[in-house]
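Every number here is computed from the coordinates shown, using simple stated rules; none is lab data. Small disclaimer: the values here were computed from a predicted structure and weren't measured. Please note: Cβ atoms are built from the backbone with ideal geometry, for glycine as well, and neighbour counts cover all protein chains shown.
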Amino acid sequence: MGLNLRTILIEIRCRGGLIQCAKQLPVSIRCFGWKRGLKFLYKQISRNDYQTWIKRYDTLDAFLEVQILDQIQAMENRPKVSLLMPVRSIPLKFLEAAVVSVQSQSYDNWELCLITDALVDPAAQLMLEGLVKADSRIHLISQPEGDISAGLNAALTQTAGTCLATMACCDVLSRHALFYIAQAEVAHPEAALLYTDEDRISEQGVRYAPHFKCAFNPELVLSQNRIGHLVVYRSERIKEAGGWRQGFTGAEDYDLAIRMIARLHPSQIIHIPRVLYHQRTVRGKPIDIMVTATQAVAAGRRAVSNYLVKSGRGGYVEPCTEAPQYNRFRYQLPIERPWVSIIIPTRDRAELLGMCLDSIFAKTTYPHFEIIIVDNGSVEAATEELFQRQPADKVKVVHDDAPFNYSRLNNLGVKFAKGDVICLMNNDIEILTPDWIEEMLSFALQPDIGCVGARLWFPNGRLQHAGVITGLGGIAGHPNKFFPKGFKGYQGRAVLTQSFSAVTAACLMVRRQIWEQVNGLDETLAVAFNDVDFCLRVKAAGYRNVWTPYAEMNHHESASRGNETTPEKQARYQEEINRMKSRWQDSLINDSAYNPNLTLVHDDFSLAWPPRV
């Protein structure tokens, strides 16, 4: 098929994604160049044909409708859901559509509190009064003050529901939204906060730009409002938290979510991986915006800063370097800085190891570190000369001549390390960020965090590592691999600090206490997946693993070992695949840092056909 701009735009228009994909076009061209950018965008369109996806997987037919109604009737406990809707001056057709979407719910145990103030259009006020008279489940609450938080708090005191959510007066709920919420409430009686996936809906009623979220991800929530819409709270927990705070206009819900999260155990926060909320847009922009985007972002950043202080973690928050609408944050380091032991397995290739060592000594600003080189049978004179040139107070060489086993070599290196913090590093790493240790250490020292990974680039500027998603490509894969610098990835996930199930051991930092708790790397995984297995065991022990884009390095991947080309290596690789599948089973395809509506075939966060919900 001939690929040109006209073909691409026609295809975009036919697939109903003009608004969404038109925004991606200049970014794709800038990052990839014209030819590769067009090809990339075409693949994205093909994999993300959201209109077809909706028809196949997110449309209620008569059979599903009956199933849902039967399940509702079978519910012994049917929680009442209170919806709070602050009313603003918007076109009446959108306000009416919002209310109708609530009235059309398959689940009927709800109440809708319409919050008005003196600025509401008289025609809208008249329409709302008519709705209240016609439906006893709809209540009108007048709030003389114009502050949205004051209105929400006034409504909070008058609600009868056991759980509560807010929605904008122009947005739309899916017909089955409250059913899935009630179902989750019943299935998780301990839950205090539930949130759902969402998309946007144009003024013509076309759905687009789905936002498929992951399970609760503390670092990602602090990096951006990843909770978003639709968020449901236990009503009494909102009251305990003090309700909505004034002074956070534009980020009231974000501030509440952060304060609620600080009071909850992660098991009390439940993600429903279904698109249950549709945000209304006109010409591609949300219309229920009370303040400018800049003001909303600033208010959200204040909420994050407030959390860092009150949580006792300390630290700072500032605009994300590559996406200023999002946040970059770092936890505060202790006054007494721990010693970090960097473990580097190697075999010859002195020029490669030399580059790695030189970059560490030339770039690293953190003073308290040592390097343990685990030499696996080097024979070249250049390698020995390189060892001799290293400062004895900083570098220790440990020799091991047994057949290559990456796990054993690192386990051996840790035995000779004196640091309270261990950093695994490949010999083909080149440091780019001077404060890389400080950045990774700020997370590694948190009591609830296990492994910390860095952002690794290929020497040609393409992305190599931005976290690991299990199940991707079979066992595990790197999302956004080979993407160029400047490309933010799906919902900014290529540039934001966040939790992942695993990070690569090409540069991995972890506290020694955790290393010993899970018994280090598994030596039956000699080459492949030992880092993924280690991270999963750390996660199973109750810690979360974090990836930061602010510790950056070049990675000359596998330069010292080469590819798996011989029959022996391929057989060993297959054996390690089988071992991982046997050990972790279905958990591999249920990665909490991913969404079951997204593909496990490609690494670009495109749609799953079919979803795994």
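Remarks
- Cα-based shape type of segment 340-589, given that a ≥ b ≥ c are square roots of the gyration tensor eigenvalues and the cut on a/c is 1.5: rounded
- Each eigenvalue of the Cα gyration tensor of segment 314-420, multiplied by 5 and square-rooted, gives one semi-axis; in descending order these are 32, 16, 14 Å.
- Spatial offset of segment 205-274 relative to segment 371-387 amounts to 52 Å, using the alpha carbon center of each.
- Residues THR166, THR504, THR294 arranged by fewest to most Cβ contacts within 10 Å: THR294, THR166, THR504
- Of the GluC sites (Glu not before Pro) found in segment 338-393, the ones in coil according to DSSP and having at most 12 other Cβ atoms within 10 Å of their Cβ are GLU380.
- A simple spin-label model places the labels of TRP609 and SER46 0.9 nm from each other, with each point 7 Å out along Cα-to-Cβ.
- Relative exposure of HIS399, HIS139, judged by other C-beta atoms within 10 Å (fewest first): HIS399, HIS139
- What you get for segment 59-179, charging only the Cβ of Lys and Arg (+1) and of Asp and Glu (-1), is a dipole of about 60 debye around the Cα centre.
- Diffusion coefficient of the chain by Stokes-Einstein, Kirkwood radius over Cα pairs, 10 °C, 1.306 mPa s: 60 µm²/s.
- Restriction of the chymotrypsin sites (Phe, Trp or Tyr not before Pro) in segment 422-485 to DSSP coil positions whose beta-carbon has at most 14 other beta-carbons within 10 angstrom yields PHE482.
- The aspartates and glutamates whose alpha-carbon is closer than 20 Å to the alpha-carbon of LYS310, local same-chain residues fewer than 8 away aside, are GLU219, GLU240, GLU252, ASP253, ASP255, GLU318, ASP448.
- Inter-label distance for LYS133 and THR162, nm, one decimal - labels placed 7 Å from Cα along Cα-to-Cβ: 3.5 nm
- Segment 493-613 shape via C-alpha gyration tensor axes, a/c threshold 1.5: rounded
- Too-long pairs where the Cα-Cα distance tops 26 Å, listed order kept, from LYS363/LYS394; LYS394/LYS569; LYS396/LYS569; LYS394/LYS539; LYS213/LYS539: LYS394/LYS569; LYS396/LYS569; LYS394/LYS539
- Centre separation in Å (Cα based) which lies between segment 109-125 and segment 564-601: 53 Å
- Charge-dipole axis of the chain as Lys and Arg at +1 and Asp and Glu at -1 on Cβ define it, positive-most pick from TYR573, GLN71, TYR50: TYR50
- Overall form of segment 62-290 per C-alpha gyration tensor (a/c, 1.5; a/b vs b/c): rounded
- Counting 0.36 nm for each residue step from ALA262 to LEU119 and taking away their Cα separation leaves a gain of 48.0 nm.
- Stretch gain in nm, segment SER582-GLN103, where the contour uses 0.36 nm per residue and the Cα spacing is subtracted: 167.6 nm
- Segment PHE416-ALA402, extension gain: residue separation times 0.36 nm, minus the distance between their alpha carbons: 3.3 nm
- Packing rank of 408-421, 569-582, where each peptide gets the mean count of other beta carbons within 10 Å, highest leading: 408-421, 569-582
- For segment 62-290, relative contact order (Cα pairs under 8 Å, six or more residues apart, normalised by length) works out to 25 percent.
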